[in-house]
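The values are calculated or read from the model by the stated rules, or taken from the named source; none is laboratory data. In this text, all values refer to a predicted model and were calculated from it rather than measured experimentally. Neighbour counts are summed over all protein chains in view; Cβ atoms, including those assigned to glycine, are modelled from backbone coordinates with ideal geometry. Remember, those area values only see protein heavy atoms, side chains included, never the ligands or the DNA or RNA. Shrake-Rupley method; radii C 1.70, N 1.55, O 1.52, S 1.80 Å.
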Amino acid sequence: MTGNETANESPEQPRSQSPAHKRDLTRRKVVVAGGAAVAAVGVGGGLAASAFADGATSPRSPKSTASGAEACYTLTSETTEGPYYIDADKIRQDITEDEEGIPLTLTLKVIDAETCKPVGNAAVDIWHCSALGIYSGYEAMGSGGAGGGGAPTDAPSGTPTDTPSGTPTGEPPSGAPSGGTGGGHSEPTDDERYLRGTWKTDKRGQVTFKSVFPGWYQGRCVHIHVKVHVDGEWTDAGYEGGHTCHTGQLFFDEKSVLASATVEPYSTNTTTRTTLTEDTIYPQNGHEGGLLFLDYGKKRTADIAKGVRAHLTMAVAPDETHDSTDTQPSASASAS
């Protein structure tokens, strides 16, 4: 199966179906309900794809390594997996289901940091919370809980402080860490799987997802989780084997987040919000740390409500393994 075949989404699992959650770091398998075939995807795949014009996919210059040799690209920072990852996810590009929010088209390009060559046939996972800060599979835990990052001391200027009736609440997940490490996997509490999905990079190393702009919950800035798996095999049952070469998070600039906060249902989420600079997970190093390039018209509030296109090139080390839940953020990822 090649990365430039016609994209056809596999049938979704019934929402009542509870996939296996056992994690096997040496043998990974994503199961598709009914054994439907997984079609490879080219960017677009029936979705609106973000353009990578004028070299926007390469915002970083070559970096010299410790040995003096010039590397092609600075490695994209490794960050924590967080407690809400579900390994047996859905094979699909459109992860929206019926969730309300600003339409988001996310295009990621995966390249080898040493050679700059695209990494095709990789499995890319993304997952994030809803506009109200809820993770599917963990609805009983409320709006994020202790999903990585301590709560800020003070609410940012202009951030709502009153909690409306009906705002999700709940105790932090059992065993969840404090202080921003975000490690320690929590077992799912329900069978919901909205805003989660896995898809295949094409021959250009690109993959596109359709979702909604994420919301926020106490202690974290707005973000999307991401994993890249390589050296596995795509079969009729899903993706098997291989290893995880990148675990990271994708971030949104403050201007876009403030604009989203004026649009329903985000405007009803009055949970104290952590800014990008206050966040304890974001490495504070721009695009190397997962800061997305965004396009939403003229960047006015009225424009963002119509939809956002986001893209980023992620430079990875395919021969390395970065799949632990206790990875700490750093200014520049290195071999572990």
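Some points to look at:
- Residue, surrounded by the fewest Cβ atoms within 10 Å (Cβ to Cβ), within segment 205-235, restricted to residues that are touching a Pro at 6+ places or on another chain (Cβ under 6 Å) and part of a loop (DSSP other than H, G, I, E, B): Gly205
- Checking Ala259, Ala237, Ala305 one by one, the residue that is in contact (Cβ under 8 Å) with a residue 24 or more places away in the chain, among the aliphatic types (A, V, I, L, M) and in contact with a Gly (Cβ under 7 Å, 6 or more places away or on another chain) is Ala237 and no other.
- Filtering segment 193-204 to residues that are buried (at least 24 other Cβ atoms within 10 Å of the Cβ) and either outside any strand (DSSP E or B) or of a type in the set (A, V, I, L, M) (or both) leaves Arg193, Leu195, Thr201, Asp202.
- Qualifying residue in segment 241-254 (condition: of a type in the set (Phe, Trp, Tyr) and either farther than 28 Å from Asp295 by Cβ or assigned to a loop (DSSP other than H, G, I, E, B) (or both)): yes
- Count of segment 98-121 residues which are over 14 Å from the mean Cα position of the chain (by Cα) and open to solvent by 40 Å² or more (accessible area, probe 1.4 Å): 10
- Some residue of segment 283-292 being touching a helix residue (DSSP H, G or I) at 6+ places or on another chain (Cβ under 6 Å), open to solvent by 10 Å² or more (accessible area, probe 1.4 Å) and not in a strand (DSSP E or B): yes
- Of Glu78, Glu70, all but one fail to be modelled with pLDDT of 95 or more and either open to solvent by 10 Å² or more (accessible area, probe 1.4 Å) or more than 30 Å from Tyr266 (Cβ to Cβ) (or both); the exception is Glu78.
- Every residue from segment 236-269 that is open to solvent by less than 20 Å² (accessible area, probe 1.4 Å) and among the hydroxyl-bearing types (Ser, Thr, Tyr): Tyr239, Thr244, Thr247, Ser256, Ser260, Tyr266
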